[in-house]
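For reference, the structure is listed below as C-alpha coordinates.
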(Lines give C-alpha, C1' and ligand atoms only; values in the text may rest on other atoms or scores of the structure.)
Protein backbone atom coordinates (compact mmCIF):
# COMPACT_ATOMS: atom_id res chain seq x y z
CA UNK A 1 0.00 0.00 0.00
CA UNK A 2 1.50 3.31 -1.05
CA UNK A 3 0.71 6.59 0.69
CA UNK A 4 1.50 9.75 -1.20
CA UNK A 5 0.95 13.50 -1.00
CA UNK A 6 -1.45 14.58 -3.75
CA UNK A 7 -0.12 18.13 -3.94
CA UNK A 8 3.49 17.22 -4.60
CA UNK A 9 3.08 13.66 -5.88
CA UNK A 10 5.81 12.57 -3.47
CA UNK A 11 5.54 9.06 -2.05
CA UNK A 12 5.44 9.24 1.76
CA UNK A 13 5.64 5.53 2.55
CA UNK A 14 5.21 2.06 1.08
CA UNK A 15 3.60 -0.45 3.44
CA UNK A 16 3.82 -4.19 2.79
CA UNK A 17 0.37 -5.83 2.81
CA UNK A 18 -0.86 -9.40 2.28
CA UNK A 19 -3.90 -8.67 0.11
CA UNK A 20 -6.07 -5.90 -1.29
CA UNK A 21 -8.97 -4.43 0.67
CA UNK A 22 -10.87 -1.30 1.66
CA UNK A 23 -9.19 1.76 3.15
CA UNK A 24 -10.52 4.06 5.88
CA UNK A 25 -8.68 7.28 6.68
CA UNK A 26 -8.73 9.25 9.93
CA UNK A 27 -7.75 12.89 9.84
CA UNK A 28 -6.96 12.51 13.54
CA UNK A 29 -3.27 11.72 13.59
CA UNK A 30 -3.05 10.55 9.97
CA UNK A 31 -4.18 6.98 10.65
CA UNK A 32 -4.89 4.64 7.73
CA UNK A 33 -6.89 1.44 8.25
CA UNK A 34 -6.82 -1.37 5.71
CA UNK A 35 -9.64 -3.94 5.90
CA UNK A 36 -8.92 -7.23 4.10
CA UNK A 37 -9.98 -10.88 4.34
CA UNK A 38 -12.18 -10.29 7.36
CA UNK A 39 -9.46 -8.55 9.39
CA UNK A 40 -7.92 -5.11 9.58
CA UNK A 41 -4.68 -3.29 10.31
CA UNK A 42 -4.32 0.33 11.33
CA UNK A 43 -1.15 2.30 10.53
CA UNK A 44 0.18 5.72 11.38
CA UNK A 45 0.62 6.60 7.73
CA UNK A 46 3.11 9.42 8.18
CA UNK A 47 5.64 7.16 9.88
CA UNK A 48 4.80 3.70 8.48
CA UNK A 49 4.03 2.36 11.96
CA UNK A 50 1.42 -0.34 12.60
CA UNK A 51 -0.76 0.63 15.55
CA UNK A 52 -3.15 -2.30 15.89
CA UNK A 53 -4.85 -5.17 14.09
CA UNK A 54 -7.87 -7.37 14.64
CA UNK A 55 -10.50 -9.64 13.14
CA UNK A 56 -13.84 -8.26 11.97
CA UNK A 57 -15.64 -11.24 10.42
CA UNK A 58 -16.04 -14.73 11.81
CA UNK A 59 -16.73 -16.31 8.41
CA UNK A 60 -16.22 -15.63 4.71
CA UNK A 61 -19.92 -15.12 3.90
CA UNK A 62 -19.70 -11.52 5.11
CA UNK A 63 -19.46 -8.62 2.65
CA UNK A 64 -17.89 -5.32 3.65
CA UNK A 65 -20.00 -2.42 2.35
CA UNK A 66 -18.05 0.52 3.76
CA UNK A 67 -15.68 1.41 6.57
CA UNK A 68 -14.99 4.78 8.15
CA UNK A 69 -13.37 6.54 11.08
CA UNK A 70 -15.65 7.45 13.99
CA UNK A 71 -13.92 9.59 16.62
CA UNK A 72 -10.73 7.62 16.18
CA UNK A 73 -12.43 4.19 16.13
CA UNK A 74 -13.11 2.01 13.10
CA UNK A 75 -16.77 1.52 12.17
CA UNK A 76 -17.95 -0.60 9.26
CA UNK A 77 -21.09 -1.91 7.53
CA UNK A 78 -21.33 -5.60 6.68
CA UNK A 79 -23.90 -7.73 4.91
CA UNK A 80 -24.42 -11.41 5.80
CA UNK A 81 -27.07 -14.02 6.57
CA UNK A 82 -28.00 -14.68 10.20
CA UNK A 83 -30.00 -17.92 10.47
CA UNK A 84 -30.96 -17.53 6.82
CA UNK A 85 -32.12 -13.92 7.23
CA UNK A 86 -30.12 -11.35 5.21
CA UNK A 87 -28.87 -8.70 7.60
CA UNK A 88 -26.86 -5.48 7.43
CA UNK A 89 -24.94 -4.67 10.61
CA UNK A 90 -23.04 -1.54 11.56
CA UNK A 91 -20.27 -2.42 13.99
CA UNK A 92 -17.45 -0.64 15.79
CA UNK A 93 -14.08 -2.00 16.77
CA UNK A 94 -13.16 -0.94 20.32
CA UNK A 95 -9.65 -2.29 21.06
CA UNK A 96 -9.72 -1.37 24.76
CA UNK A 97 -12.84 -3.47 25.42
CA UNK A 98 -12.98 -7.12 26.50
CA UNK A 99 -15.36 -7.60 23.56
CA UNK A 100 -13.77 -5.36 20.91
CA UNK A 101 -16.53 -5.80 18.30
CA UNK A 102 -19.51 -3.68 19.32
CA UNK A 103 -22.79 -3.90 17.37
CA UNK A 104 -24.02 -0.34 16.78
CA UNK A 105 -27.22 -1.28 14.94
CA UNK A 106 -28.65 -4.07 12.78
CA UNK A 107 -31.13 -4.10 9.90
CA UNK A 108 -32.88 -7.15 8.40
CA UNK A 109 -33.27 -6.76 4.63
CA UNK A 110 -34.76 -8.66 1.72
CA UNK A 111 -32.51 -11.19 -0.04
CA UNK A 112 -30.38 -9.57 -2.78
CA UNK A 113 -27.65 -10.81 -5.09
CA UNK A 114 -24.54 -8.89 -5.98
CA UNK A 115 -21.70 -6.88 -4.47
CA UNK A 116 -22.74 -4.82 -1.46
CA UNK A 117 -21.98 -1.17 -0.71
CA UNK A 118 -23.33 1.15 1.97
CA UNK A 119 -23.89 4.89 2.45
CA UNK A 120 -23.47 6.25 5.96
CA UNK A 121 -24.87 9.58 4.74
CA UNK A 122 -28.26 8.16 3.70
CA UNK A 123 -28.38 4.64 5.21
CA UNK A 124 -28.92 3.29 1.73
CA UNK A 125 -27.36 0.10 0.44
CA UNK A 126 -26.68 -1.12 -3.08
CA UNK A 127 -26.36 -4.61 -4.52
CA UNK A 128 -24.79 -4.72 -7.98
CA UNK A 129 -24.32 -7.58 -10.42
CA UNK A 130 -23.16 -7.40 -14.04
CA UNK A 131 -26.79 -7.10 -15.16
CA UNK A 132 -28.61 -5.43 -12.27
CA UNK A 133 -28.36 -2.47 -9.88
CA UNK A 134 -30.57 -2.37 -6.78
CA UNK A 135 -30.60 0.38 -4.12
CA UNK A 136 -32.64 0.09 -0.94
CA UNK A 137 -33.21 1.93 2.31
CA UNK A 138 -31.86 -0.39 5.01
CA UNK A 139 -34.12 1.13 7.67
CA UNK A 140 -37.28 -0.26 6.06
CA UNK A 141 -35.88 -2.52 3.29
CA UNK A 142 -37.76 -0.39 0.73
CA UNK A 143 -36.43 -0.62 -2.83
CA UNK A 144 -35.55 2.89 -4.00
CA UNK A 145 -34.09 2.03 -7.40
CA UNK A 146 -33.75 -1.01 -9.63
CA UNK A 147 -32.52 -1.41 -13.17
CA UNK A 148 -31.83 -4.60 -15.09
CA UNK A 149 -30.33 -5.30 -18.51
CA UNK A 150 -30.27 -8.43 -20.65
CA UNK A 151 -26.50 -8.60 -21.13
CA UNK A 152 -23.53 -7.90 -18.82
CA UNK A 153 -22.99 -4.17 -18.49
CA UNK A 154 -22.18 -3.08 -14.93
CA UNK A 155 -18.90 -3.48 -13.04
CA UNK A 156 -19.61 -4.24 -9.35
CA UNK A 157 -19.59 -2.78 -6.83
CA UNK A 158 -21.31 0.61 -7.00
CA UNK A 159 -20.28 3.52 -4.80
CA UNK A 160 -22.15 6.22 -2.89
CA UNK A 161 -20.90 9.77 -2.44
CA UNK A 162 -20.08 10.48 1.23
CA UNK A 163 -23.08 12.80 1.66
CA UNK A 164 -25.44 10.23 0.12
CA UNK A 165 -26.51 12.55 -2.70
CA UNK A 166 -25.11 10.44 -5.55
CA UNK A 167 -24.65 6.80 -6.45
CA UNK A 168 -22.33 5.72 -9.25
CA UNK A 169 -21.47 2.48 -11.01
CA UNK A 170 -18.90 1.70 -13.66
CA UNK A 171 -19.73 -0.11 -16.89
CA UNK A 172 -17.92 -2.42 -19.29
CA UNK A 173 -18.08 0.42 -21.87
CA UNK A 174 -15.64 2.58 -19.86
CA UNK A 175 -18.41 4.82 -18.53
CA UNK A 176 -19.44 5.79 -15.02
CA UNK A 177 -23.20 6.09 -14.60
CA UNK A 178 -24.28 8.54 -11.89
CA UNK A 179 -27.72 8.71 -10.27
CA UNK A 180 -28.99 11.38 -7.88
CA UNK A 181 -30.80 10.58 -4.65
CA UNK A 182 -34.11 12.49 -4.60
CA UNK A 183 -37.31 12.15 -2.58
CA UNK A 184 -38.85 9.82 -5.17
CA UNK A 185 -35.81 7.52 -5.35
CA UNK A 186 -32.80 7.68 -7.68
CA UNK A 187 -32.86 9.40 -11.05
CA UNK A 188 -30.19 9.52 -13.78
CA UNK A 189 -27.84 12.48 -13.31
CA UNK A 190 -24.96 12.03 -15.74
CA UNK A 191 -22.87 9.51 -17.64
CA UNK A 192 -19.15 10.19 -17.34
CA UNK A 193 -16.67 8.85 -19.87
CA UNK A 194 -13.06 8.95 -18.64
CA UNK A 195 -10.58 9.88 -21.35
CA UNK A 196 -8.30 7.06 -20.21
CA UNK A 197 -9.19 3.39 -19.68
CA UNK A 198 -10.66 3.07 -16.20
CA UNK A 199 -10.13 0.15 -13.82
CA UNK A 200 -11.97 1.72 -10.93
CA UNK A 201 -13.15 4.92 -9.29
CA UNK A 202 -14.02 6.49 -5.95
CA UNK A 203 -15.84 9.59 -4.75
CA UNK A 204 -13.98 12.40 -3.05
CA UNK A 205 -14.69 12.56 0.67
CA UNK A 206 -15.01 16.36 0.71
CA UNK A 207 -16.22 17.46 -2.73
CA UNK A 208 -18.60 16.17 -5.37
CA UNK A 209 -15.96 14.75 -7.68
CA UNK A 210 -14.83 11.30 -8.75
CA UNK A 211 -11.31 10.00 -9.14
CA UNK A 212 -10.95 7.42 -11.91
CA UNK A 213 -7.77 5.36 -12.31
CA UNK A 214 -6.24 2.93 -14.74
CA UNK A 215 -2.93 1.75 -16.17
CA UNK A 216 -2.48 4.96 -18.20
CA UNK A 217 -3.18 7.51 -15.48
CA UNK A 218 -5.73 9.05 -13.12
CA UNK A 219 -8.49 11.57 -13.81
CA UNK A 220 -10.64 13.83 -11.68
CA UNK A 221 -14.24 13.90 -12.97
CA UNK A 222 -17.16 16.10 -11.99
CA UNK A 223 -20.62 14.40 -12.04
CA UNK A 224 -22.36 17.67 -12.98
CA UNK A 225 -20.26 18.11 -16.13
CA UNK A 226 -20.12 15.01 -18.32
CA UNK A 227 -18.75 16.98 -21.28
CA UNK A 228 -15.73 18.48 -19.55
CA UNK A 229 -14.03 19.28 -16.30
CA UNK A 230 -11.64 16.35 -16.56
CA UNK A 231 -8.12 16.68 -15.23
CA UNK A 232 -5.53 14.05 -15.98
CA UNK A 233 -2.31 13.02 -14.25
CA UNK A 234 -0.15 10.37 -15.90
CA UNK A 235 0.78 7.35 -13.83
CA UNK A 236 4.39 6.24 -13.64
CA UNK A 237 5.37 3.00 -15.31
CA UNK A 238 5.94 1.23 -11.98
CA UNK A 239 2.31 1.93 -11.05
CA UNK A 240 0.81 0.22 -14.09
CA UNK A 241 -1.05 -2.35 -12.02
CA UNK A 242 -2.76 -0.45 -9.21
CA UNK A 243 -5.97 -0.16 -7.27
CA UNK A 244 -6.39 3.26 -5.67
CA UNK A 245 -8.84 4.42 -3.06
CA UNK A 246 -9.41 8.15 -2.59
CA UNK A 247 -8.93 9.32 0.97
CA UNK A 248 -9.07 13.10 1.11
CA UNK A 249 -8.77 15.05 -2.14
CA UNK A 250 -9.00 18.83 -2.02
CA UNK A 251 -11.24 21.48 -3.48
CA UNK A 252 -10.63 21.37 -7.24
CA UNK A 253 -8.47 19.90 -9.99
CA UNK A 254 -5.20 18.58 -8.59
CA UNK A 255 -4.50 21.58 -6.36
CA UNK A 256 -4.71 19.78 -3.02
CA UNK A 257 -3.94 20.79 0.54
CA UNK A 258 -0.44 19.70 1.56
CA UNK A 259 -1.91 17.49 4.31
CA UNK A 260 -3.98 15.58 1.78
CA UNK A 261 -3.10 11.91 1.33
CA UNK A 262 -4.10 9.20 -1.10
CA UNK A 263 -3.41 5.56 -0.35
CA UNK A 264 -3.05 3.20 -3.28
CA UNK A 265 -2.63 -0.53 -3.27
CA UNK A 266 0.10 -1.79 -5.61
CA UNK A 267 0.71 -5.20 -7.09
CA UNK A 268 4.38 -6.00 -6.59
CA UNK A 269 6.11 -7.56 -9.58
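Summary of values
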{"item": "Any chance residue 153 is surrounded by 18 or more Cβ atoms within 10 Å (Cβ to Cβ) and at pLDDT below 95", "result": "no"}
{"item": "Residue in the range 153-161 that is in contact (Cβ under 8 Å) with a residue 24 or more places away in the chain, within 19 Å of residue 189 (Cα to Cα), touching a strand residue (DSSP E or B) at 6+ places or on another chain (Cβ under 9 Å) and in a loop (DSSP other than H, G, I, E, B) present", "result": "yes"}
{"item": "Scan of the range 162-190 for residues that are under 19 Å from the mean Cα position of the chain (by Cα), without any contact (Cβ under 8 Å) to a residue 40 or more places away in the chain, surrounded by fewer than 22 Cβ atoms within 10 Å (Cβ to Cβ) and under 19 Å from residue 135 (Cα atoms), ordered by number", "result": "171, 177, 180"}
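Quick grid of which residues meet (1) out of contact with any helix residue (DSSP H, G or I) (no Cβ under 6 Å at 6 or more places or on another chain); (2) within 22 Å of residue 42 (Cβ to Cβ); (3) crowded, with 18+ Cβ neighbours inside 10 Å; (4) at pLDDT below 80:
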site: 83; (1), (2), (3), (4): yes, no, no, yes
site: 90; (1), (2), (3), (4): yes, yes, yes, no
site: 94; (1), (2), (3), (4): yes, yes, no, yes
site: 126; (1), (2), (3), (4): yes, no, yes, no
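The values are calculated or read from the model by the stated rules, or taken from the named source; none is laboratory data. All figures in this text were calculated on a predicted structure; none of them were measured in a lab. Heads up, the Cβs are rebuilt from the backbone with ideal geometry, glycines too, and the neighbour counts pull from every protein chain shown.
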